[in-house]
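Before any comments, here is the structure.
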Ligand code: ZN
């Protein structure tokens with residue numbers, strides 16, 4: 001049911017400060033920068049071969065990314081698993097006793113439909129189910 005690791009989400013204080021490492025040192029192509037208002041983040045996607053890196057900069061102190069950085073510092077925030085039929089996948093997870101942060105998919109960067117699993121159900125990893133539409 002999991003197609004691949006779609007992307008790895010990385011929390012950063014500032015895209016401007018963090019990006020040169022990715023674009024100039026690692027020489028990863030920048031796919032685009034986008035603000036996701038509902039999640040109070042500015043997001044940069046970089047292509048890393050078959051998968052992507054998603055840099056997340058908080059645009060407000062009330063952003064969950066801002067509180068993540070405050071508690072744990074910058075670094076890996078989540079792993080996104082590419083799926084099809086995300087509603088069905090969410091139901092399967094819940095049937096197997098997995099706690100979901102999102103019972104319904106919501107809109108993420110790039111118009112993807114996303115739902116997070118609770119790290120208490122996944123041995124400490126924040127996993128995002130991610131379905132690309134269209
Ligand atoms: Zn993500």
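The values are calculated or read from the model by the stated rules, or taken from the named source; none is laboratory data. Because the structure is predicted, anything quoted here is derived from the model rather than measured. Note that we place each Cβ from the backbone using ideal geometry, even for glycine, and neighbour counts take in every protein chain shown.
Residues considered: 58, 20. Of these, the only one that is farther than 20 Å from residue 5 by Cβ and touching a helix residue (DSSP H, G or I) at 6+ places or on another chain (Cβ under 6 Å) is 58.
Please determine, by comparing only the residues of region 11-30 that are without any contact (Cβ under 8 Å) to a residue 60 or more places away in the chain and within 14 Å of residue 66 (Cα to Cα), which one is nearest to the ligand (Cβ to nearest atom).
Of region 11-30, the ones without any contact (Cβ under 8 Å) to a residue 60 or more places away in the chain are 14-30.
Filter again for within 14 Å of residue 66 (Cα to Cα), leaving 14-15.
On the way: 14: 18, 15: 15 Å.
Applying the filter and picking the extreme gives 15.
Scanning region 71-86 finds no residues that are under 19 Å from residue 7 (Cβ atoms), surrounded by fewer than 19 Cβ atoms within 10 Å (Cβ to Cβ), within 11 Å of the ligand (Cβ to nearest atom) and at pLDDT below 95. Could you go through region 42-59 and let me know if any residue there is more than 15 Å from the ligand (Cβ to nearest atom) and surrounded by 14 or more Cβ atoms within 10 Å (Cβ to Cβ). Yes, some residue in region 42-59 is more than 15 Å from the ligand (Cβ to nearest atom) and surrounded by 14 or more Cβ atoms within 10 Å (Cβ to Cβ).
Of all residues in region 42-57, those being assigned to a strand (DSSP E or B) and either without any contact (Cβ under 8 Å) to a residue 40 or more places away in the chain or more than 15 Å from residue 74 (Cα to Cα) (or both) number 8.
Take the conditions under 20 Å from residue 131 (Cβ atoms), in a helix (DSSP H, G or I) and touching a helix residue (DSSP H, G or I) at 6+ places or on another chain (Cβ under 9 Å) and apply them to residue 93. Does it pass?
Criteria met by residue 93.
Is it true that residue 91 is more than 14 Å from the ligand (Cβ to nearest atom) and surrounded by 13 or more Cβ atoms within 10 Å (Cβ to Cβ)? Show your work before the answer.
On the way: more than 14 Å from the ligand (Cβ to nearest atom): yes; surrounded by 13 or more Cβ atoms within 10 Å (Cβ to Cβ): yes.
The answer is yes for residue 91.
Across region 95-105, not a single residue is classified as within 13 Å of the ligand (Cβ to nearest atom), at pLDDT below 95 and either surrounded by 15 or more Cβ atoms within 10 Å (Cβ to Cβ) or on the phi < 0 side of the Ramachandran plot (or both).
Go through 67, 38, 63 for me and flag whichever is without any contact (Cβ under 8 Å) to a residue 40 or more places away in the chain, within 16 Å of the ligand (Cβ to nearest atom) and more than 13 Å from the chain's Cα centre (by Cα). Before the answer, list the steps.
Details: 67 fails: within 16 Å of the ligand (Cβ to nearest atom); 38 fails: without any contact (Cβ under 8 Å) to a residue 40 or more places away in the chain.
Of 67, 38, 63, the one residue that is without any contact (Cβ under 8 Å) to a residue 40 or more places away in the chain, within 16 Å of the ligand (Cβ to nearest atom) and more than 13 Å from the chain's Cα centre (by Cα) is 63.
Of 8, 33, all but one fail to be within 14 Å of the ligand (Cβ to nearest atom) and outside any helix (DSSP H, G or I); the exception is 8.
Among all residues of region 114-127, there is at least one that is more than 17 Å from the chain's Cα centre (by Cα), assigned to a helix (DSSP H, G or I), within 21 Å of residue 4 (Cα to Cα) and at pLDDT 95 or above.
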